[in-house]
Each structure stands twice: as structure tokens, then as C-alpha cells.
Amino acid sequence: MHQFNVHRIGPEVKIAGIDLSFTNSSLFMIISAVTICLFLFLATKEKKLIPGKLQLTGELFYDFIAKMISDTAGSKAKPYFPFIFSLFMFVLLCNMVGMLPYAFTVTSHIIVTLILALFIFIAVTFIGFLKHGFKYLKIFVPSGVPVLLLPLITIIEIISYLSRPVSLSVRLFANMMAGHTMLKVFGGFVISLGLLGGWLPLTFSVALTGLEILVAFLQAYVFAILTCIYLNDALNLHH
Amino acid sequence: MRQLFLISLNYLVIGEVLYAAEAGMPQLDPTYWASQGFWLIIVFSILYIIISKLFIPRIKNNLEVRENKIKNDLEDAKNLKELAEKKEIEYKEVIQKAKKDVAKIFIDSKKKLDKDLRVKKDLIEKEINKEFKKTEKEINELKKNSISSINSISEKIVSKIIEDISGDKLNESSIKAVISDISKKNLDKYL
């Protein structure tokens, strides 16, 4: 599991006894962010009426996220568009950059995804209480449920609400880690089986790389769309 | 007792995590958790600010410009279409009017021609009639003259014949009477 190791780059930085050193994880976060900025810069450099390839790709991403938000959370979620857009791009690029050989996958670390998910969870809860006050607690009491079942349903709802950050973060982290581990395992088989039998796992490895690219995109999409759904719960009380 | 339990629980949990990290899960090694969180917050915040302040307005602006352009173009096209339709109606009206005018001119000229024709025909007929009457008159005069001259010639011939045969001269007035009588009887046969 060498590929998941975090190691320090440069001097050790300690603030109040907490190690905040620059690591390979930080490096790849910056690489992802810079790549996003570079891509968006090139995509918006020329404002053509008929877009070029890069401009079209940028506008496709924009439309994709805008449509996702309006479909799941409605027009009230428009102010949160830049956040969802940044989140999707960041997670997508971290996943994609991680697909490169010798690269570090930022999102394969539970702490990174957990911080993102916790931030979303706290922000969504905050927005919910800000918009609806204590009526937001109605989210735990669905309407149209028999009185006898209500306490049970409420408890289940509370547990499911509280487990949102966990499920959100573990889903992304586990997918990324499992994919990379699997690639490594098949890569190891190629070496151990040698020239004679190594072709089969190599084929699998190639196929899995394709699958992993799909998963990288899909998980970024899932992360973003779940954020939208949570936001929708906070903005529009349906219960 | 309770403290001991907590310590042992803590030890167990940390030990578990450390063991897992050593066994191949670097994700569970807490050494760099703070660093990762710290850098994540910094990088993501900067990225968010750049995207929301710089790139999203740019893309949005460009999309809006295009949308407006398309909308304007569509509106222009609609206006032009309406104009074309109006012009077509006008054109049709002009054609209709021209057709009517042509028909009117045709009928008018036909009437005029008919009238002219009739007038000329009448004129010519009158002239023909006049000429006809004149000629008839002349013929009648010629007839009359010819009758009287025939009568006088026949009188002379008769008187000569009688003279030659009998040697007498008959009364001219009696001859005249006979001849006029005969000519009156037979004149209708020849004239």
C-alpha cells in the first residue's frame, strides 16, 4: 500500500504542536487545483460566439452542474452553484490526477473526504436552521406515517441524517482506495506471472483502468449530486 | 476501575488504528491528518474563491451573450419573416389590381373598337345606299330616255316602212298612238 503513503516534502512545520507540514497529499491537491484553474483559464480565455473545443468543454461542465442543481434542488440553490461547481471540479480532478502512474490520490484518504463531507453536513444543517428555524426539525418527522410507527421512523431518520457525512465520505474514499488497490493487485500479478502468464492480468489491468476513470467521474458526480440533495432537503422542506 | 477501562479502551482503539496503518492502511495513520485537513482547507478555499469570483462570471457572461445573440437573431428573423409576409400580401394585391385593370382596359378597348366599327359601318352603308340610289336614279333616267328614244325611232321606222310600202304618208299622231300603245303593252317584258 505504498501508493497511499503520505510523506513530508520539505521542512517540518509545527504550529502549536500540530504537524502541518507540506506533504505529497498537499502537493497533489495544489496540482489538481492548478489544473482546474488552468483549464478554466484556457476555456474562458477566448470569448467566442461559436466556442472552440476547450471553451465548449468548460461550458459543458457549467451546464452540467447547473442542470444538476436545478433538477435536484431547484432555483433556490442557485447561490450555492459556485460551491458545488468547485466541489465537483476538485473531487473530479483529484480522482483523475490519481489515475496517473506514480501520482497520489488525494481523495483516497478518509480524512480528506471526511472533512469535505463534514463541512457540507454542517453547512447544510446550518442553512436548514437559518431558512426554517426550528421547523427544520420536521425533516425527522415525515408526514403520513402512522402514530405508532412515528417514534421508530423519527429515530431512523435522525440516524440516517447523522450518518450522512460518514456515508458521503466513506463512499468516495472506499471507491478510490478499492480501485487503486485492485489496480495494484493486478499489476503485481503481471510481475509475478511474468512473460508467460502475465498477459491475462495485464488485460484486466487495462480494462480496470478504463473502469477506474469511469468510477473517478462517477464518484465526483455522486458526491456533487448528494450535496445537492442534502441542500434540497435544507432549502425545501417536503415533510 | 473506570479510568483503567477507558485507558485500555483508548489503547485498544489507537492500537487498532496503528496496527491497521502498519498493516497497509496509511489512511488510518493519524500523523498527517491535521496537515491534510489544513492544506485541503487552504487549497479548496482558494480554488473556491478563484472559481466563484473569476471563472464562473466569465462563463456565465459568455453564455448570456450567446443566448442574447441567439434571441436577438431569432427576433430579427421573426420580424423579417413578418415583413416578407406583408410584402407578399402587398404584391398579391398589386397583381390583383393589375389583373383587374387589364380586364377593364380590355373590355373598354373592345367596346370602343366595337363602337368605331359600328360607326364606320353605318357611314359606309349610308354611302353605299347613297351611291346605290344615285345609280338607280341614273338607270331609271336612262330607261325613260331609252323608251322615248325607242318610241321615236320606232315611229320613224314605222312611218318609213309604211311610206315605202304604200307610198302614203300616214298621220304621225296615229302612228305615235299605236306605238305607244304597243310599247306600253310590251315594255314590261323588257324592262
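Tabulated results
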{"read-out": "Of every Cα-Cα pair in region A:31-88, the percent that sits beyond 13 Å", "value": "64 percent"}
{"read-out": "Cα-based equivalent ellipsoid of chain A: semi-axis lengths in Å, sorted from largest, via gyration tensor", "value": "36, 25, 20"}
{"read-out": "Reachable aspartates and glutamates, given that their alpha-carbon falls under 19 Å from the alpha-carbon of B:K99 and they are not under 8 places away in the same chain", "value": "B:E88, B:E90, B:D108"}
{"read-out": "Lysine pairs within region A:67-198, Cα separation less than 30 Å, 8 or more sequence positions apart or different chains", "value": "11"}
{"read-out": "Exposure proxy order (Cβ contacts within 10 Å, fewest to most) of B:W33, B:W39", "value": "B:W33, B:W39"}
{"read-out": "Extended-chain gain in nm, criterion 0.36 nm per residue less alpha-carbon gap, B:E125 and B:K176", "value": "13.9 nm"}
{"read-out": "Relative exposure of A:R164, B:R118, B:R66, judged by other C-beta atoms within 10 Å (fewest first)", "value": "B:R118, B:R66, A:R164"}
{"read-out": "Sequence of A:L49, B:L54 once ranked by neighbouring C-beta atoms within 10 Å, starting from the fewest", "value": "A:L49, B:L54"}
{"read-out": "Nearby lysines by direct alpha-carbon distance to B:K137 (threshold 23 angstrom, same-chain neighbours under 8 apart not counted)", "value": "B:K126, B:K184, B:K189"}
{"read-out": "Stretch gain in nm, segment B:D76-B:K143, where the contour uses 0.36 nm per residue and the Cα spacing is subtracted", "value": "14.4 nm"}
{"read-out": "Top of A:G144, A:G198, A:G58 by mean-square fluctuation, Gaussian network on chain A, Cα under 10 Å", "value": "A:G144"}
{"read-out": "Projected label distance in nm at B:K133 and A:R8, using a 7 Å step from Cα toward the beta-carbon", "value": "14.9 nm"}
{"read-out": "Spin-label model distance (nm) - B:K100 vs A:L195, 7 Å beyond Cα toward Cβ", "value": "10.0 nm"}
{"read-out": "Axial C-alpha extent at least 24 Å, average Kyte-Doolittle at least 1.6 - helices from chain A (DSSP)", "value": "A:24-45, A:110-132"}
{"read-out": "FRET efficiency estimate (nearest 0.05) - Cβ-Cβ, A:T35 to A:K138, R0 60 angstrom", "value": "0.90"}
{"read-out": "Ratio of the Cα radius of gyration of region B:61-191 to 2.2 N^0.38 Å, where N counts its residues", "value": "3.33"}
{"read-out": "Shielding by partners - mean other protein chain Cβ count within 10 Å, residues of A:16-25", "value": "4"}
{"read-out": "Principal axis dimensions, largest first and in whole angstrom, of the protein assembly as shown by Cα", "value": "212, 68, 42"}
{"read-out": "Anchor A:K48: lysines whose Cα lies under 17 Å away (excluding residues fewer than 8 positions away in-chain)", "value": "B:K60, B:K69, B:K71"}
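Read-outs throughout are calculated quantities, based only on the coordinates presented, and are distinct from any laboratory measurement. Because the structure is predicted, anything quoted here is derived from the model rather than measured. Using ideal geometry, Cβ is built from the backbone for each residue, glycine included, and neighbour counts are taken over all protein chains shown.
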